[in-house]
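Please read the structure below before turning to the comments.
Taken together, the values in this text are just the output of simple stated rules run on the coordinates, not laboratory data. Just so we're clear, the structure is a prediction, and the values are computed from it rather than from any experiment. Cβ placement follows ideal geometry from the backbone for every residue including glycine, while neighbour counts extend to all protein chains displayed.
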Amino acid sequence: MTPDEFRRIGHEVIDWIADYRERVADFPVKSQVEPGWVRDRLAALPERGEGFDGLLADLDRIVLPGTTHWQHPGFYGYFPSNASLPSVLGDLLSSGLGVQGMLWSTSPAATEVEQHLMDELVGAMGLPERFLGGGVIQDTASSAALVALLAALHRKSGGKWRQSGVDGSETVYVSSQTHSSIERAARIAGLGEQAVRSIAVDDVLAMRVDDLAERIRSDVEGCRKPVLVCATIGTTGTGAVDPVREIAALCGEHGIWLHVDAAWAGPAALCPEFRDLFDGVDRADSFTVNAHKWMLTAFDLSLFWTAHPDVLVDALAILPEYLRNPATESGAVVDYRDWQIPLGRRFRALKLWSVLRWYGLEGVRDHVRGHVELAALLESWIAADENWELVTPRSLSLLTIAHKNGDETTKAAMDRVNASGDAFITHTTVNGRFAVRVAIGAESTREHHVRALWDALSA
Ligand code: PLP
């Protein structure tokens, strides 16, 4: 494709995306296709190139029916996965530049724009100064958790982990509500599930510090090595917030790495009125926020800060001959390949930069506040209703609700809403009770959409 062909077809592609976004609310939110429907319609690969028209036609004919529309204003499932149009343009610019930013020297701008954004966000989100210079963009919160665990293992071993690996005595602490990525990280790191302690939660599903203290004490007595505690601000099921400051104090006593997972709730730290939720993060060893959930940035882009980049780099750095270069050897630059699992890395910072410059910090705050206000409104309608109730307290823009008649009625209402195509909600269980989660966070969701959801649920 010549640059001139790119210019022509690129306009068509941008038009296609713009048309799609204009009519996204007309589609059923959840794809209605049966398994195999999409594959049955895909043709064999062409021997000879065929241009772009056929592909765009297949997008309309095959891909759109097989798509669940996450940018639909009626999408309230899981957590939001905002893909704002400025971030789409930023992604395009990143692919257009086509650089690979594994080393500072392979594209200095890729590293330095990222460093600048991560440091600026420390101030904007009220994060501790100890995170300055310790920020890096990961693909996902799962990768962030894994690198945090590897750094923690390295630190706990006094620097021996890198040479000799784990010895089977290491332990990791989560609550029953912690995201599964931590357990997976423990498996990948060679600790096995047996190393993961599931700490009890209180009546609002936050980690119980007394149980944590007891498990750590008994592990230390049993000659185990507590390595990492993961505290969550905004758990996946119900948005619960663990008592980070108290957990941090315990971690400090025992030399345990504290990783704080704010994958979904993190953008709320941009708003001073929500900062209380982040109390104790100043004591964390690492902290992660998914810009690709509620911060307007197209998947994938996870913000990760650590107060110990030196430990992380010492754990992961390898310098084969073919990567040697004067800048790296001078020690004057950051090579982000040593802060992550893969070697290669794309210029992800461009899409975050596009978002932050297009909306400004105030625009991102308005985005978050708007959803919290809508959730508070829905909460007030539920409080005034005699059939439905909140199962856990509202957390920012997430509500967990159930019908008083019991699980079958709640599930039937959820299925009815999802079958309508007008909205999409998902569920969780809270102490064995089936509950619907309403996660408000799509960029285009307005009060009338939430009203329509409530009317459909409560009908
Ligand atoms: N942590 C929390 C609290 C989450 O809710 C999720 C996903 O929903 C994750 C981590 C994992 O995110 P990712 O898909 O970026 O790995």
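Suppose a student asked you for the relative contact order of segment 99-346, using Cα pairs under 8 Å spaced at least 6 residues apart; what percent would you report?
Working: 460 pairs, mean separation 66.4, N = 248.
About 27 percent, as a whole number.
Identify, among LEU93, LEU42, HIS69, the residue whose Cα sits farthest towards the positive end of the charge dipole of segment 1-98, taking +1 on the Cβ of Lys and Arg and -1 on the Cβ of Asp and Glu, with the dipole about the Cα centre.
The Cα lying farthest towards the positive end belongs to HIS69.
How many angstrom lie between the Cα centre of segment 118-157 and the Cα centre of segment 335-350?
Cα centroid to Cα centroid, the span is 14 Å.
How high is the relative contact order of segment 303-459? Use alpha-carbon pairs under 8 Å, at least six apart in sequence, and give a whole percent. Can you show the working numbers first?
Details: 144 pairs, mean separation 25.7, N = 157.
Relative contact order here is 16 percent.
For segment 159-211, run through the trypsin sites (Lys or Arg not before Pro) and keep only the ones in DSSP coil with at most 13 other Cβ atoms within 10 Å of their Cβ.
Details: sites: LYS160, ARG162, ARG184, ARG187, ARG197, ARG208; in loops: LYS160, ARG208.
For trypsin sites (Lys or Arg not before Pro) across segment 159-211 that sit outside H, G, I, E and B with at most 13 neighbouring Cβ atoms in 10 Å, the list reads LYS160.
Between rounded, prolate and oblate, where does the chain land on the alpha carbon gyration tensor, with a ≥ b ≥ c its root eigenvalues, rounded for a/c under 1.5, else prolate if a/b exceeds b/c? Numbers along the way, then the final one.
Values: a/c = 1.76, a/b = 1.09, b/c = 1.62.
Oblate is the answer for the chain, as a/c is 1.5 or above yet b/c matches or exceeds a/b.
List the GluC sites (Glu not before Pro) within segment 1-108 that DSSP assigns to loop and that have no more than 15 neighbouring Cβ atoms inside 10 Å.
Details: sites: GLU5, GLU12, GLU22, GLU47, GLU50; in loops: GLU47, GLU50.
Filter output for segment 1-108: GLU47, GLU50.
Kindly write out, for segment 437-453 in residue order, the coupling ³J(HN,Hα) from the Karplus curve 6.51 cos²θ - 1.76 cosθ + 1.60 (θ = phi - 60°), rounded to whole Hz, with x marking Gly and Pro.
My calculation for segment 437-453 gives 9, 10, 9, 7, x, 6, 4, 9, 6, 10, 4, 5, 5, 5, 4, 5, 4 Hz in order.
Pick out, in residue order, every one of the trypsin sites (Lys or Arg not before Pro) in segment 1-85 that is DSSP loop and has at most 13 other C-beta atoms within 10 Å; say none if there are none. Don't skip to the answer; put the middle values down first.
Working: sites: ARG7, ARG8, ARG21, ARG23, LYS30, ARG39, ARG41, ARG48, ARG61; in loops: ARG23, LYS30, ARG41, ARG48.
Hits after loop and neighbour filter: ARG23, ARG48.
Using a simple charge model, +1 on the beta-carbon of Lys and Arg, -1 on the beta-carbon of Asp and Glu, nothing else, what dipole does the chain show about its Cα centre, in debye to the nearest 20? Show your work: numbers first, answer last.
On the way: 43 positive and 62 negative charges, 126 e Å.
The dipole of the chain has a size of about 600 debye.
Grab the DSSP H runs of the chain that are 4 residues or longer, score each as -39,500 (n - 2.57), total them, divide by all residues and round the 222 nm result to the nearest 500 deg cm²/dmol. Can you show the working numbers first?
Numbers: 16 runs with 190 residues, N = 459.
Per the formula, -13000 deg cm²/dmol.
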